[in-house]
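The values are calculated or read from the model by the stated rules, or taken from the named source; none is laboratory data. None of these values were measured; they are calculated from a predicted model. We place every Cβ from the backbone using ideal geometry, glycine too, and count neighbours over all the protein chains shown. These area figures cover heavy atoms from the full protein model, side chains too; ligands, DNA and RNA do not enter into them. Shrake-Rupley method; radii C 1.70, N 1.55, O 1.52, S 1.80 Å.
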Amino acid sequence: MKKDKFALILGANSDIARALAYLMAQKGWNLYLASRRLDPLNRLAQDLHLRYGCIAQALYFDALDYKSHGSFYKGLQPKPEGVVVAFGYLGPLKKPPKDFAEAEKIVQINFLGAVSILEIVAKDLEKRKKGFIIGLSSVAGDRGRASNYIYGSSKAAFSTYLQGLRQRLFKSGIQVLTVKPGFVVTKMTRDLDLPKHLVTQPEKVAQDIYRALKAGKDVLYTPFYWRFIMGAIKALPEGLFKRLKL
Ligand SMILES: NC(=O)c1ccc[n+]([C@@H]2O[C@H](COP(=O)([O-])OP(=O)(O)OC[C@H]3O[C@@H](n4cnc5c(N)ncnc54)[C@H](OP(=O)(O)O)[C@@H]3O)[C@@H](O)[C@H]2O)c1
């Protein structure tokens with residue numbers, strides 16, 4: 001195992017992030033596992049170390065505490081080769097938030113929190129001329145729907161941000177991978193009544209992400225069929241779409 005091969009996972013308590021952490025540790029990565037709840041993170045770090053002999057370090061990180069992001073990243077030694085943004089917040093289930101504070105929290109976590117830390121990371125990777133950034137966006141960002149358009153628009157903004165960042169960092173040899181999962185069985189969706197045939201496990205999403213990283217991809221729909229589902233949904237004329245209950 002290369003001692004200096006580190007990746008940073010932000011929001012590492014996410015179920016998709018945990019599955020990716022197991023896969024990356026298995027593939028020889030050392031990991032910085034950052035999120036708000038330190039107890040499960042410490043347990044995860046210990047388990048990864050015991051199973052795969054990697055260095056796994058649990059770190060406190062709050063996406064909403066923008067001011068702390070500079071010192072958080074500065075404190076990482078050695079610097080990570082790649083960064084995964086996995087934190088996310090869905091808000092109320094099946095309906096848009098009633099009060100602005102909740103809408104603000106969705107946008108702040110999913111978009112501003114990601115921009116705040118990634119602008120710092122990007123500067124560093126640009127200087128070092130290598131590395132990768134993986135952002136977990138969502139198919140929900142591909143078209144606004146009545147049931148979750150605040151979440152969807154925060155993910156649309158994040159996808160557009162990653163698109164621009166990809167173009168900026170391309171000349172420095174840095175890969176920026178936008179991940180658009182469909183329905184995944186995690187704590188985010190456990191209380192939603194999802195169509196069974198369209199639901200995927202976090203381990204499958206993690207495998208797709210790792211494969212896309214290795215293949216140098218830009219955008220990943222996972223599972224793959226979401227590219228076609230969203231292609232069809234995006235192709236619906238607005239006059240028809242606004243009348244539908246999707
Ligand atoms: N599940 C799906 O169906 C689905 C579909 C499309 C896209 N996604 C996206 O994929 C990503 C992972 O989703 P998931 O379902 O695996 O998530 P999850 O299991 O619900 O976990 C989300 C994690 O985000 C972290 N988080 C929330 N606010 C944070 C903050 N202010 N600072 C730091 N961490 C914060 C939480 O960390 P703590 O526990 O430490 O507080 C939580 O563990 C998210 O961005 C989500 O939007 C998920």
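Sub-6 Å Cβ pairs linking a first residue in the range 181-208 that is under 22 Å from P40 (Cβ atoms) and within 9 Å of the ligand (Cβ to nearest atom) to a second residue that is open to solvent by 90 Å² or more (accessible area, probe 1.4 Å) and part of a loop (DSSP other than H, G, I, E, B), at least 6 apart or interchain, are V185/Q201, ordered by first then second residue. If you go through the range 76-93 and keep only what is within 14 Å of the ligand (Cβ to nearest atom) and of a type in the set (G, A, S), you end up with A86, G88, G91.
A quick yes/no check of all residues on (1) on the phi > 0 side of the Ramachandran plot; (2) touching a residue at least 24 places away in the same chain (Cβ under 8 Å); (3) open to solvent by 20 Å² or more (accessible area, probe 1.4 Å); (4) in contact with a Pro (Cβ under 8 Å, 6 or more places away or on another chain):
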site	(1), (2), (3), (4)
G11	yes, yes, no, no
R18	no, yes, yes, yes
L41	no, yes, no, no
H69	no, yes, no, no
F72	no, yes, yes, no
Q77	no, no, yes, no
L90	no, yes, yes, no
L93	no, yes, yes, no
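The selection criterion, being among the basic types (K, R) and surrounded by fewer than 10 Cβ atoms within 10 Å (Cβ to Cβ), does not hold for K180. Can you spot a residue in the range 190-198 that is under 30 Å from E238 (Cα atoms) and within 18 Å of the chain's Cα centre (by Cα)? Within the range 190-198, not a single residue is under 30 Å from E238 (Cα atoms) and within 18 Å of the chain's Cα centre (by Cα).
For the range 193-214, a residue qualifies if it is β-branched (V, I, T) and open to solvent by 40 Å² or more (accessible area, probe 1.4 Å), and exactly one does: V199.
Checked against (1) of a type outside the set (S, T, N, Q); (2) surrounded by fewer than 22 Cβ atoms within 10 Å (Cβ to Cβ); (3) touching a Leu at 6+ places or on another chain (Cβ under 6 Å), A86 passes all but condition (2). Only one entry of R190, R166 meets the criterion of being part of a loop (DSSP other than H, G, I, E, B) and either within 26 Å of L93 (Cα to Cα) or open to solvent by 10 Å² or more (accessible area, probe 1.4 Å) (or both), and that entry is R190. Restricting attention to the range 199-246, the residues that are assigned to a loop (DSSP other than H, G, I, E, B) and either under 19 Å from the mean Cα position of the chain (by Cα) or among the hydroxyl-bearing types (S, T, Y) (or both) total 8.
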